[in-house]
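No lab work stands behind these numbers, since they all come straight from the coordinates. All values reported here derive from a predicted model rather than from experimental measurement. Positions of Cβ are backbone-derived with ideal geometry, glycine not excepted, and every protein chain shown enters the neighbour counts.
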Amino acid sequence: MENKKQILVRTYILYVSMCLFAVGIFYRIFVIQFIEGEEWRRRAEANTTQLHTIEAVRGNIFDVNGALLATSVPYYEIAIDICAPSIDEKLFKEKRDSLALCLSNLFGDHTASEYLNILRKARNNRDRYVVLQRNVSYKNLQILKKFPILKKGSRGGLITLQTNKRERPFQLLAARTIGLAREGIKPVGLEGAYDSVLLGVPGKRLMQKIAGGVWRPINSEAEIEPKEGSDLYTTIDINVQDVAEHALMKALIKNQASHGCAILMEVKTGAIRAIANLSKGKKDSSYYESLNHAMIDANEPGSTFKLASFLAAIDDYDVSLDEKIHVGNGEVTYYNKTIKDAHPPKTPSLSVQEIFETSSNCGTAKLIMKYYSKNPQKYVDKIKSFHLDRKLGLSIPGEASPFIKDVKHKDWSGLTLPQMSYGYETLITPLLTLSVYNAIANNGKMVKPRFVNEIRRNNQVVKKFEPEVLIEQMVKLETVSKAKKLMEGVVENGSGKGLNIKSFKVGGKTGTAQIAKIGRRKGSGKTAYGDVGDRTYQASFVGYFPAEKPLYTCIVIINSPSNGIYYGGLVAGPVFKEIAEKVYSSGLEFLPPINKGKDLITKVPEGINTLSDELQRLAKSFSLPVKEVNSNQFVSRIKSDTSTIAMIENKIERQLKNGVMPNLQGLSAKDVLYILENHGLNVKIVGFGSVQKQSIDAGTKIERGNKVILTLI
């Protein structure tokens, strides 16, 4: 009996405890639902809905003529909410087959039946976010928006998420100068220098987290649209850039060199028209635009530095170009160091003019020692006055610091002055060397090299970059005149004689510098430059053209040629010559007036293959009215009457429209790349110059998305 009573008590206690526990649960539910409900709903909402950043479309980068160098191409993730309220069962059943067929025809990754299964499964599972395709182009998006159901837009369940990819239409051309700016990577080139200008203002979009942790956009009036970035109009001329890179590439391959650069600068303004930087790949023997050698390579310049030495002596001491210097057999010894000329002199005594023309190290050292041995600091100070001891302050980051040794420097020795005179024990970048030569071509005025003309927003000029003067008068005009005579003599009579051009005169200086070997210093048992047969060289040429009225200066550097020839005039000189000839032959500024007093054009040539916007620019420069055509239509010929020029559509354009691959041989990479990509083909360019081979033969049927490889020579 007693046991029964104990069991009953325990049962009551358990029952009461469970009732109290249940009351507590119901009380807590009541509190959460009615008292704290609003707060918990707010927290839940915060966890499932968030404001996400919408990337702004980055501004474009253009060349000096308006050709597109870099642009942000929009790509889209396409998803569908097949359970959207406006898609009732009747509409879904009527249009699902045709929608599946359209998707299959457009993307080609699934059959129509497979797409139909995807749509059915999403409908049955009440899936509100099904990704149909990623990386969809803007053009395909516009096609997709016309498909059944999806043509209703967001009401038809269409969900689009945009991302932007940076693309360079001309691929490798000026790639390092154009540069890139990506999160987590140090920005380089113009993309990095003007990142804040190009970036734009990001927007905001409300997104909701759904099953599977996927974020989907919510149509909301609170969405903040992003603002596009401003556009950059550079000084680069992509046609000249093509010439420079092609010429440099040929020289690097021919001489089996490590790397090189070529820069073309406008004399009066400092505008960089072309800047080519090519390096041999580590994995193969191909060359790429990987490093900006024009700015980052501060090396011993060798004989191109002699201009600075001659400028100093002439400006300080009014040295005559006819003054004779005894060079003997082309050797001179200072402190047990023998300085030798590459070639023995024709006579024991050479004039200052002849020393410069033949690039005599012996003569240069003796000239500078004659005037500055008692006061070497005066020479150093004069060299520094040419802006050779400090950076140019370029807009593009990464410029290396130059180095001019001071008399008080711990490594100054009795050999320093003679060796400095012909370009050793100093460190100078190619762009800095070019700027000094440009100053002489510009009658003594040194201007800063620049890469940008304007910043525009909505095609309105926001900022204009004017030429910036670094030194108003670097040396006396008399010194400038003598310096020009020295440089023109190099091409007419001296080490640059092979660079003579029939149609115009050139002035400049060859350079051949031994490259110091890392670790081969005093005490190593070897010289700093390697033993004979184990030496590497830097070949260079820098000059201006046309000599009568200089418009451009150009420097070419070829590093470590290994094909047995390393002299600047033979290795770098031909690159300079090719660039100068092609720029001169294509430049309107070099041409005399034509048909003066008559109709400007009496007959327009046919057989032109180029974009109509370029022909329109050409016609505009002649003040000729043009019959309007599509801005980027490709044309093969033009016809004129007394009032207008009309452009005729190209055969290539017609063939591509009809799905046939045209013959592209002989066309430039610039024109071919644009027209093929405009017709939906994936293009890979190999080499520089004009098209010599194409992977898809002319006359072959083609479809959008086909890949074509073009070999340029």
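Miscellaneous remarks
- Cα radius of gyration and Dmax for segment 652-712 (Å): 10.2, 29
- Across Lys186/Lys384; Lys254/Lys693; Lys384/Lys485; Lys165/Lys693; Lys346/Lys382, pairs whose alpha-carbon gap is larger than 27 Å: Lys186/Lys384; Lys165/Lys693; Lys346/Lys382
- Hydrodynamic analysis of segment 55-234 uses the Kirkwood radius over alpha carbon pairs. Inserted into Stokes-Einstein at 20 °C and 1.002 mPa s, it gives a translational diffusion coefficient of 116 µm²/s.
- Each Lys and Arg contributes +1 and each Asp and Glu -1, all at the Cβ; summed about the Cα centre of segment 55-234, the dipole is approximately 580 debye.
- Unsatisfied cross-links (Cα-Cα over 26 Å) in the set Lys391/Lys582; Lys445/Lys509; Lys280/Lys410: Lys391/Lys582; Lys280/Lys410
- Between the C-alpha center of segment 271-313 and that of segment 544-579 there is a gap of 11 Å.
- Cα shape, segment 395-503, gyration tensor, a/c 1.5 rule: oblate
- For Leu150, neighbours were defined as the other residues whose beta-carbon sits under 15 Å from its Cβ, and their charges (Lys and Arg +1, Asp and Glu -1) total +4.
- Hydrodynamic radius (Kirkwood) for segment 238-588, which is based on Cα pairs only, to one decimal in Å: 20.4
- Cα-Cα separations in segment 220-330 greater than 25 Å, expressed as whole percent: 51
- When the Cα positions of Pro348, Gly328, Asn459 are compared along the charge dipole of segment 238-588, Asn459 comes out farthest toward the positive end, with charges on each C-beta of Lys, Arg, Asp and Glu.
- Computed 3J(HN,Hα) for segment 72-77, one whole-Hz value per residue from the Karplus formula 6.51 cos²θ - 1.76 cosθ + 1.60 where θ = phi - 60°, is 9, 9, x, 10, 10, 8, glycine and proline marked x.
- Full extension of the segment from Lys370 to Tyr138, taken as 0.36 nm per residue of separation minus the current Cα-Cα distance, would add 76.4 nm.
- Table column - 3J(HN,Hα) (Hz), segment 245-253, Karplus curve with 6.51, -1.76, 1.60, x for Gly and Pro: 5, 5, 5, 5, 4, 4, 5, 5, 5
- The alpha-carbon of Lys146 sits under 17 angstrom from the alpha-carbons of these lysines, leaving out residues fewer than 8 places away in its chain: Lys95.
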